[in-house]
Amino acid sequence: MKVDDNDIRVAVKKALASSVWKKEKKKDKVRKFNEAIELIINIRDLDLKDPNNRFAIEFALPNPINDPVKACVIADGDMLMQAKELGYDTIDKDWLQNARTMEKRLIKKTCKKYRFFIARADLMRLVAPSLGRYLAPVNKMPIPQPNGFSVIAPTSNLKDAVDKFKSVTRIIIKKAPLVQLKIGHKKMNEEQITENALALVHFLMQKLPRGQDNIRSLYVKTTMGHPINLARAGEA
C-alpha cells in the first residue's frame with residue numbers, strides 16, 4: 001500500500017480523538033487511565049519460511065515512552081557491582097553456569113519477570129546455552145548491534161544503556177506477518193506520538209524487501225479506542 005506521512009499524522013489525530021466518549025447533550029468523557037497508543041501493521045507477500053525474511057530488531061523511538069524499564073542486567077565483575085549499586089536486578093556468571101541444574105520453573109519465572117535482558121557481551125557465550133531455550137521463544141534474547149542495544153561492551157556506561165530502553169521497542173517478524181507496537185501514551189503530546197509513528201514506519205519499510213509494497217494495511221489505535229485505518233484516514 002502507499003504509505004503517506006500526512007495520512008499517518010491524520011490517523012494519530014483521529015485515534016486520539018476516538019478515545020474520548022462523545023455523548024449527545026452530555027459532556028465528553030475522557031477515560032481515567034493513561035491509554036497506550038499502538039501501531040498495527042499487517043505485512044503481505046513475505047515468505048516467513050525463508051529465514052532471511054524473519055527478524056528481531058530493537059528500534060529506539062525518537063521520543064521516549066518512559067514506561068518503567070523492566071530489565072535484568074547480566075554482568076560480572078565491576079559491571080555487576082555497578083548494577084547492584086544502581087538498584088538493577090541482576091544475573092551473574094555463577095547463576096548462568098548453574099542454570100542447567102536449576103528447576104525449570106524458577107528459570108521460567110525469571111524470564112517472565114523482565115521485558116528486557118541486557119547482557120555484557122563476553123557473557124553471551126553462557127547466556128545462549130543457559131537461557132536461550134527460555135528467552136528465544138518469547139523474543140527476549142539480548143540482541144547485539146547492529147540490530148539491537150541489549151548486548152553491551154564491558155566498558156559501556158550501564159545507566160545510559162538501561163535508560164535507553166525507555167524508548168526502545170522490539171520489531172519481531174517471525175511466525176506471523178504482523179507488527180503491533182506501542183508508540184506512545186495519551187500523556188504524550190500528539191506531535192511526539194506522530195514522530196514515533198513516522199520513524200517506526202519508515203524504519204520498517206527500510207527493512208522489508210519491497211518497502212511499502214510489503215505493507216497490506218496499517219492502523220493506529222488507543223487501548224480502548226477504535227482502530228483508524230491509514231488507507232481511510234483522509235476521509236471525513
Answer residue from the range 153-187, given it is over 17 Å from the mean Cα position of the chain (by Cα) and not basic (K, R) and is farthest from Y114 (Cα to Cα) among those: T155
The range 82-108: number of residues that are part of a helix (DSSP H, G or I) and under 21 Å from the mean Cα position of the chain (by Cα): 1
Residue identified as assigned by TED's automatic domain parsing to the domain that holds L48, in contact with a Leu (Cβ under 9 Å, 6 or more places away or on another chain) and not polar (S, T, N, Q) among I118, I173: I173
Considering residues of the range 113-127 that are touching a residue at least 12 places away in the same chain (Cβ under 8 Å) and in a helix (DSSP H, G or I) only, the residue farthest from D76 (Cα to Cα): K113
Residue ID - surrounded by the most Cβ atoms within 10 Å (Cβ to Cβ), chosen from residues in the range 157-175 that are in a loop (DSSP other than H, G, I, E, B) and in contact (Cβ under 8 Å) with a residue 40 or more places away in the chain: S167
Residue identified as of a type in the set (V, I, T) and either modelled with pLDDT under 95 or under 30 Å from G87 (Cβ atoms) (or both) among I215, I183: I183
Test: residue in the range 52-70 that is in a helix (DSSP H, G or I) and modelled with pLDDT under 95: yes
Residues of the range 196-236 satisfying the condition of being without any contact (Cβ under 8 Å) to a residue 24 or more places away in the chain and under 19 Å from the mean Cα position of the chain (by Cα): H202, Q206
Yes/no for D94 being assigned by TED's automatic domain parsing to the domain that holds A153, surrounded by 18 or more Cβ atoms within 10 Å (Cβ to Cβ) and more than 22 Å from V168 (Cα to Cα): no
Hey, Q180 in the same structural domain as A15 (by TED's automatic domain parsing) and of a type in the set (S, T, N, Q) or not: yes
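The values are calculated or read from the model by the stated rules, or taken from the named source; none is laboratory data. Keep in mind the model is a prediction, meaning the values are calculated, not measured. No Cβ is skipped: glycine too gets one built from the backbone with ideal geometry, and neighbour counts run over all protein chains shown.
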